[in-house]
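The values are calculated or read from the model by the stated rules, or taken from the named source; none is laboratory data. Being a predicted model, the structure only gives us computed values, none of them experimental. Cβ placement follows ideal geometry from the backbone for every residue including glycine, while neighbour counts extend to all protein chains displayed.
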């Protein structure tokens with residue numbers, strides 16, 4: 001046993017909701033991060049490869065509405081925006097440092113050879 005609790009209790013240990021914003025113009029990532037700082041409940045991360053700003057938040061869906069308003073004020077176009085909640089896979093990864101998929105692949109039963117010996 002790695003952890004105990006309801007799924008909601010375990011998910012809250014990993015962290016709360018996060019708003020993920022993909023900006024249309026990649027060189028506006030830093031500006032978007034600054035504009036969204038007021039809705040963050042923790043450290044804001046930037047994924048430059050995906051043109052994404054990831055904002056931890058405790059405001060739920062209100063945070064999405066606020067993010068759109070804040071980015072519109074500074075004229076940053078949004079390619080995509082979403083509210084993400086932690087999954088049980090996120091909990092497993094946080095507790096073990098490994099993804100649940102990695103764990104599943106190690107537990108696969110060995111397949112028996114169907115070759116028969118013939119003389």
Among (1) under 19 Å from residue 69 (Cβ atoms); (2) in a strand (DSSP E or B); (3) touching a helix residue (DSSP H, G or I) at 6+ places or on another chain (Cβ under 9 Å) - the single one residue 46 does not satisfy: (1)
Failed item, numbered, when residue 43 is tested on (1) surrounded by fewer than 18 Cβ atoms within 10 Å (Cβ to Cβ); (2) at pLDDT 95 or above: (2)
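Given the criterion in contact with a helix residue (DSSP H, G or I) (Cβ under 7 Å, 6 or more places away or on another chain), more than 17 Å from residue 59 (Cα to Cα) and at pLDDT 75 or above, identify the matching residue among 3, 32.
Exactly one of 3, 32 is in contact with a helix residue (DSSP H, G or I) (Cβ under 7 Å, 6 or more places away or on another chain), more than 17 Å from residue 59 (Cα to Cα) and at pLDDT 75 or above, namely 32.
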Answer residue from region 6-29, given it is part of a loop (DSSP other than H, G, I, E, B) and modelled with pLDDT under 90 and is surrounded by the fewest Cβ atoms within 10 Å (Cβ to Cβ) among those: 6
From the options 73, 103, 66, residue that is modelled with pLDDT under 70 and touching a helix residue (DSSP H, G or I) at 6+ places or on another chain (Cβ under 9 Å): 103
Within region 51-69, identify whether any single residue is more than 16 Å from the chain's Cα centre (by Cα), free of Cβ contacts under 8 Å to residues at least 40 places away in the same chain, over 21 Å from residue 85 (Cβ atoms) and not in a loop (DSSP other than H, G, I, E, B), and answer yes or no. yes
Take residue 80 and tell me if it is modelled with pLDDT of 95 or more and in a strand (DSSP E or B). yes
